[in-house]
Amino acid sequence: MDTARIVVLSWPGCGSHDDALALVADALAELGRPDEPVVVRWIETPEDAEAARFVGSPTIRVDDVDIVPPQAERYGLTCRVYPDAEGRLAPLPPRDTVLERLRELL
């Protein structure tokens, strides 16, 4: 369990990490909480993935709650996909979802 309030878990092999951090920062700014700390946790081994319950990069958690609960709990070094409003798959959760979930969880 991570002790930080907001944690972005990433796998170095996935290219969406910087975009995920920017998405969280933008949502926090819109919520009036631009100084809320965000911790980055790198998942680098299958053992790290198992221990962190890591379902793919990026995973965004608040108080150890995934802001978009995974469909299945298969842990491993992989990139994660999220459905957008039209049902297409994207490398990041929709901005509105991030904003709504951060508002609920903070």
Spherically averaged projected area of the chain from its Cα convex hull (nm²): 6.1
Solvent-accessible area per residue for the chain (1.4 angstrom probe, square angstrom): 56
Per DSSP, loop GluC sites (Glu not before Pro) in the stretch 1-54 with at most 13 further Cβ within 10 Å: Glu44
Computed accessible area, Asp26, all protein chains, 1.4 angstrom probe, square angstrom: 90
DSSP-assigned coil residues among GluC sites (Glu not before Pro) in the stretch 61-106, each with at most 15 further Cβ atoms within 10 Å: Glu73, Glu86
Under the Karplus curve 6.51 cos²θ - 1.76 cosθ + 1.60, θ = phi - 60°, whole-Hz ³J(HN,Hα) for the stretch 99-106, x wherever Gly or Pro sits: 4, 4, 5, 5, 4, 5, 8, 8
Those trypsin sites (Lys or Arg not before Pro) in the stretch 29-106 that DSSP places in a loop and that have at most 12 other beta carbons within 10 Å: Arg74, Arg88
Phi-based couplings in Hz for the stretch 54-67 (Karplus 6.51, -1.76, 1.60; Gly and Pro marked x): 8, 9, x, 9, x, 10, 10, 10, 10, 6, 6, 9, 5, 5
Percent antiparallel among DSSP beta bridges (both partners in the chain, rounded to 5): 55
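The values are calculated or read from the model by the stated rules, or taken from the named source; none is laboratory data. Here the structure is a predicted model, which is why all the values come from computation and not from measurement. Quick reminder, even Gly has a Cβ in these numbers, built from the backbone with ideal geometry, and neighbours come from all protein chains shown. These accessible areas exclude ligands, DNA and RNA; they are computed on the full protein's heavy atoms, side chains included. Shrake-Rupley method; radii C 1.70, N 1.55, O 1.52, S 1.80 Å.
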